[in-house]
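Asks: Mind looking over this structure? Questions follow.
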Amino acid sequence: MMDVIVIGAGPAGLAGAIASANSGLKVIVIDEFIKPGGRLIGQLHQERSGEWWNGIEESERLHQEAITLSVDIRCGVSVYNLEKDGDLWNVHTSIGTITVPFVLIATGAAEYPIPLPGWTLPGVMSIGAAQVMTNVHRVQVGKKGIIVGANILAFAILNELQLAGIHVDRIVLPEKGPLSGKAGEPEEVMKSLLHAAHLAPSPLLRIGSRFMKNDWFRKTGMKFFPKNGVKVNGTPLLLRKAAIEVIGMKQVEGVRVADTDANGTIIPGTETVYEADFVCIAGGLYPLAELAAVAGCPFQFIHELGGHVPHHSETMETPLEGLFVAGNITGIESGKIAIAQGTTAGYSIAKHAGKCGAVIDEQLNQAIQNVRLIRMQAAIQFNPDIESGRRKMSELWEKLYEKPANLHSTQKLG
Amino acid sequence: MTRIMDHPILGKLNDRKAIPFTFDGKTYEALENETVAAALLANGIRTLRIHEESGTPRGVYCNIGHCMECRVTVNDQANVRACLTVVEQHMVIESGKQHPTIVKRMVEQQ
């Protein structure tokens, strides 16, 4: 019998599998995609040091390490349910039910969609879809594209599309509305981009740094934002244009846009059409946590973490015995954080399994410290208030699941 | 669409065997170990199905298995996600078709 099933072969899942296997546990990893690595395999950006972060190489390194430790990795397998049965978990997959004492859910993130008229036309895709098609499958998504939505992920993938020789013609905002929220308000978008630039003058943001670092823009805000936009790595970023509709008969032919005021309200009579053969919708990421919900794990909405996240401790435990989480399911952060969290979860599982005696406490403690260190050193944050989000979860955990340290002595005195 | 043969950071595309498959009765070539979605796009095909009720075209949206927009029929198995399925030799792939909406038509006629 297996000791641990890891759901998701991304950075968190593979790192978790490695740490568990390293501690002597038998581990199986399940993933729906055709190869291991998760969304890490799409990532490609230059670090502050000038070195390239090549997600394919990083994934391969983790994959090889897991194989060396005899981790059983199954790709192309879906998990559709999991349930507790006594001390064990039954995990129902497309290759049958796997019964284990420990489950690590590392399902990562998905993208918030921003629906707009015409978005079902072939050629409209999430920005992540374009990333995977480009860097993983190496097929061009089109000749001339428009990105709808301006955020860190969109800029990172813009850069990747350009590296692959794909022309992104313009970046516009989604139309303001209940489904786009702040992503459709130029002033708010500008604020978040400036915040990101302030936090991370990294090569990733070098693409827009000239305008982002400019104090004049900070002070004057959106009022004087150039109508023709500012260039981000050569591509005009049009914060005062909103995408109203994707047009085309059988596939994308263009995007109808209109000018907006600083709040994102459409200015009537300013409509125009930009031609394009593909459109990427960049709505940002949210934790992909359905399986934790199916398992019965309680959730909390924490905006800074990207949405609803399962309750979890810093040791990556959930309130459900034997169920652990790691990576973007716990909050949207970088692949490096996911690896560090995965390692933490892996040692945490080993500790619960009674492996490795005193050493495991030291390993687990170090892994937790490592997560904090990497977060501090991070060149880029999806959400600049990530620390505050993490703190909220850890306070919640303390309040709900940890007994006060002096509880026993108090009782004795009573 | 074109394949990205040469990439400044990721290097050249590995030499891979070309394998034949059919889509809606026509034969195309995929590269070994690539998904149905990638192989079809590389052959210039964006429309993977039409909506069951409205008949409007649909293609790949998320490309990683969440959105279910890219469902096709593979070797007679319906509702298979093109973005998660590896093309195999002589695979028979059919696009999703419009379904009859008899009740709706009846209601409309009343």
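The values are calculated or read from the model by the stated rules, or taken from the named source; none is laboratory data. It should be emphasised that the depicted structure is a prediction, and the values quoted were computed from it without experimental measurement. Because the Cβ atoms are built from the backbone with ideal geometry, glycine has one as well, and the counts that use them run over all protein chains shown. The protein model used for the area step is the full one, side chains on, heavy atoms only, and it has no ligands, DNA or RNA in it. Shrake-Rupley method; radii C 1.70, N 1.55, O 1.52, S 1.80 Å.
Asks: Conditions first: (1) farther than 24 Å from residue A:331 by Cα; (2) within 14 Å of chain B (Cβ to nearest Cβ); (3) touching a residue at least 60 places away in the same chain (Cβ under 8 Å). Residue A:56 passes all but one, so which condition is the exception?
Replies: (1)
Asks: If we keep just the residues of segment A:314-343 that are among the hydroxyl-bearing types (Ser, Thr, Tyr) and buried (at least 23 other Cβ atoms within 10 Å of the Cβ), which is nearest to residue A:52 (Cα to Cα)?
Replies: A:343
Asks: Shifting gears a bit: Any residue in segment A:290-303 that is in the same structural domain as residue A:106 (by TED's automatic domain parsing) and closer than 12 Å to residue A:318 by Cβ sitting within a Cβ distance under 9 Å of a residue that is of a type in the set (Phe, Trp, Tyr) and open to solvent by less than 20 Å² (accessible area, probe 1.4 Å)? List the pairs, counting only those 6 or more apart or interchain.
Replies: A:295/A:89
Asks: Please note which strands (runs of 3 or more DSSP E) are completely contained in segment A:10-79 and include at least 1 residues that are surrounded by fewer than 24 Cβ atoms within 10 Å (Cβ to Cβ) and in contact with a His (Cβ under 8 Å, 6 or more places away or on another chain).
Replies: A:52-54, A:72-75
For (1) touching a Gly at 6+ places or on another chain (Cβ under 7 Å); (2) open to solvent by 10 Å² or more (accessible area, probe 1.4 Å); (3) over 30 Å from residue A:163 (Cβ atoms); (4) not aromatic (Phe, Trp, Tyr), each residue gets a yes or a no:
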position	(1), (2), (3), (4)
A:255	no, no, no, yes
A:260	no, no, yes, yes
A:267	no, yes, yes, yes
A:278	yes, no, no, no
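Asks: So for segment A:4-26 (the condition being free of Cβ contacts under 8 Å to residues at least 12 places away in the same chain, within 14 Å of chain B (Cβ to nearest Cβ) and not β-branched (Val, Ile, Thr)), does at least one residue qualify?
Replies: No.
Asks: Here's something else I'd like to know. Filter segment A:364-380 down to the residues that are outside any helix (DSSP H, G or I) and small (Gly, Ala, Ser), then identify the one that is modelled with the lowest pLDDT.
Replies: This residue is A:379.
Asks: Right, next: Applying the selection to segment A:383-398, what residues are modelled with pLDDT under 95 and open to solvent by 80 Å² or more (accessible area, probe 1.4 Å)?
Replies: A:387
Asks: Output the qualifying pairs, or none if there are none: Cβ atoms under 9 angstrom, residues six or more apart or on different chains, first residue in segment B:79-94 and at positive phi, second residue open to solvent by less than 30 Å² (accessible area, probe 1.4 Å).
Replies: B:79/B:72; B:79/B:96; B:90/B:19; B:90/B:21
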